[in-house]
Each structure stands twice: as C-alpha cells, then as structure tokens.
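Reviewing the structure listed below.
Since every read-out is calculated from the coordinates, none of them should be taken as a lab result. Remember, it's a predicted structure, so these values are computed and weren't measured experimentally. A quick note on method: Cβ atoms are made from the backbone with ideal geometry, for glycine too, and the neighbour counts reach across all protein chains shown.
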Amino acid sequence: MDTLEQLNPENIPQHIAIIMDGNGRWAKTKGRLRVFGHETGVKSVREALEGAMHIGVKYLTLYAFSSENWNRPRFEINALMGLLVDSLKKELPTFHKNQVKLHAIGDLSQLPKRCYNKLQETMEETSHYTTCTLTLALSYGSRQELVNVTRRLAEKVKQGELSVDDINEQTIQQDLDTHFIPDPDLLIRTGGEQRISNFMLWQMAYTEMVFLDIMWPEFHREHLYESILEYQQRERRFGKISEQL
C-alpha cells in the first residue's frame, strides 16, 4: 500500500506551510551554481501544489524569500527575482485551470518593480478562485510582521480608535499579514535543519512540524504525503489532555 492510500481523507490538514530549504547546498553537490538549485526547486513547488490539491488541501504557504535573504550576493538575488517573474508567467495557465488563488505576504515594496507588478497582476487575475490558496512569503520576516502589527494597534489607541483593554489574540490575528487564511496545521521543512527561521512565529503556536533530511530540489509529492501521514499519527491537544479530546 502506497502512502497516499494510507492517508485518512477525514484528517487532511487544511493549511500546510513549507520552508523550502536546501537549494544552494543541493546545487553545490552537483558542482553547479546555487542558482541551478533554485531553478530546479521550481519543479518541487509544482509537486507540492499539485500533490496538495489532489488530496484537498485548501491552503499552501511557501517561504520563498525571507527578509534576511536580501543579504545574499546580488547575483543570486537578481536570479531569484527573475525566476519569480518567469515562474509566475509559466504557472498562470495552471492557476486558471485548477482555480488556484495566488496571494503573497511580506514587505512586497522591497521587490523589484517588475516582480512586484507581475505578482500583483497574477494575484488580481486569480483573486476569485477558491479551490486552493497558494501564498508566497516574499521579503517576509515574522518578527517585523509583529512589530508592524504592534505599531498599527498603538496608533489606533493613540487616535482613540481602539482601547488598550480591547486588544486580545483576535485583535492581533486580524492584523497579521496572514489574516485571510487559518493558522498552519502542518509545517514541513526540507534541508535537514530543525528550526523555523523567523517564519510565522505567531501563527505556528500549535502547528505540527515535520523536518525532512532531503534538499528542496529532491522534494516530490510522496514526501508531502509521508509528512501528512506522520501528522495524522500525532495527537493535537491544543493544551488539553488526551481524555478531553
């Protein structure tokens, strides 16, 4: 019995987030430039999206470019931005065919103009779809996201639009970049590292995490299904004990 057949269709995670790590290291093992790893990793993005849609995952969020990644060599950054534009062009027909809504979180104002424009154009063209929401985290850092939320709420208090006593978890949740999607049920990280790297710190309070030793260009939908199977074998208690569930 393959992994897909073992999955419980009644317990498919609604929202899966992925930290796509290992492109550069994988390319190095092949004697190639890091950019080659990023280019090959696009195929893994397609595998993840198609695999997720096949089993009914409603939300898929990919950590594509962190705010710290701007510190990388300019050549690599330029290549990544070009790859983003090319991928959006190539994948748009697939988004239309499968009714995938594209969204993005992060400081998008930092993106080069052509990337920003293509991203906005693609999001507008797919905004009415509801089958699956694909969210790209671009120029994203969770600490800065929380700083931004704090500043906005403080300004509302200052202007008399909000009382300090009215600030609660829901108030913060509604002001996050991810306010339009539920918190992740499952986080998958490739690359062999076991950390979350400033990714959705608030949102992943109760997220189950699976860390894979493979590099991102090696990722196939079977790895997605294996991760979901591990997720299904866990007991999500949200602070309760087993007897209360």
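What is the packing order of peptides 104-111, 89-96, 124-131, taking the mean over residues of other C-beta atoms within 10 Å and listing the highest first? Mind dumping the intermediate values first?
Values: 104-111: 17.4, 89-96: 13.9, 124-131: 12.1.
With the highest mean Cβ count within 10 Å placed first, the list reads 104-111, 89-96, 124-131.
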Where the only charges are on Cβ atoms (+1 Lys, Arg; -1 Asp, Glu), what is the dipole of the chain about its Cα centre, to the nearest 20 debye? 1020
Among PHE180, ILE228, LEU33, which residue has its Cα furthest toward the positive end of the charge dipole of region 15-234, with +1 on Lys/Arg Cβ and -1 on Asp/Glu Cβ? LEU33
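Please go through the residue pairs LYS28/LYS89; LYS89/LYS113; LYS113/LYS158 and name each one whose alpha carbons sit more than 25 Å apart in this structure.
Values: LYS28/LYS89 28 Å; LYS89/LYS113 15 Å; LYS113/LYS158 34 Å.
With Cα atoms farther than 25 Å apart: LYS28/LYS89; LYS113/LYS158.
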So for R0 = 35 Å, FRET eff. of ARG46-ASP165 from the Cβ-Cβ r, to 0.05, ends up at 0.15
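Within the set of other residues whose C-beta is less than 12 Å from the C-beta of TYR140, count the net charge using Lys and Arg as +1 and Asp and Glu as -1. Please list the in-between numbers first.
Numbers: positive: ARG143; negative: GLU68, ASP107, GLU145, ASP177.
Summing Lys and Arg as +1 and Asp and Glu as -1 gives -3.
Let's see if you can work this out: charge +1 on each Lys and Arg Cβ, -1 on each Asp and Glu Cβ, no other charges. What is the dipole magnitude of region 102-245 about its Cα centre, in debye to the nearest 20?
So the magnitude is around 380 debye.
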Along the charge dipole of region 1-145, which of ALA64, VAL85, TYR140 sits closest to the positive end, that is, farthest toward it, with unit charges on the beta carbon of Lys, Arg, Asp and Glu (+1, +1, -1, -1)? VAL85
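If you count, for each residue, the other Cβ atoms within 10 Å and average over each peptide, how do 25-31, 221-227 line up from highest to lowest?
In descending order of packing, they fall as 221-227, 25-31.
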Please give the Cα centre distance for region 139-170 versus region 192-236, rounded to the nearest Å. 29
If amide hydrogens are placed 1.01 Å from N in the peptide plane, which non-local residues have theirs closer than 5 Å to the one on SER139? PHE65, SER66
Listed residues GLY191, GLY41, GLY56; largest mean-square fluctuation, Gaussian network over the chain with Cα springs below 10 Å, found at GLY56
Under a Cβ-Cβ cut-off of 15 Å, what is the net charge of the residues other than LYS58 that fall near it, where Lys and Arg count +1 and Asp and Glu count -1? -3
Given only helices, namely DSSP H runs of n ≥ 4 each adding -39500 (n - 2.57), what is the per-residue ellipticity at 222 nm of the chain, to the nearest 500 deg cm²/dmol? -13500 deg cm²/dmol
Taking placed amide H atoms and a strict 5 Å upper bound, the residues 5 or more places from GLY22 or on another chain that come that close are TRP216
Toy charge model, Lys and Arg Cβ at +1, Asp and Glu Cβ at -1: region 61-109 dipole around Cα centroid in debye, rounded to 20, equals 200
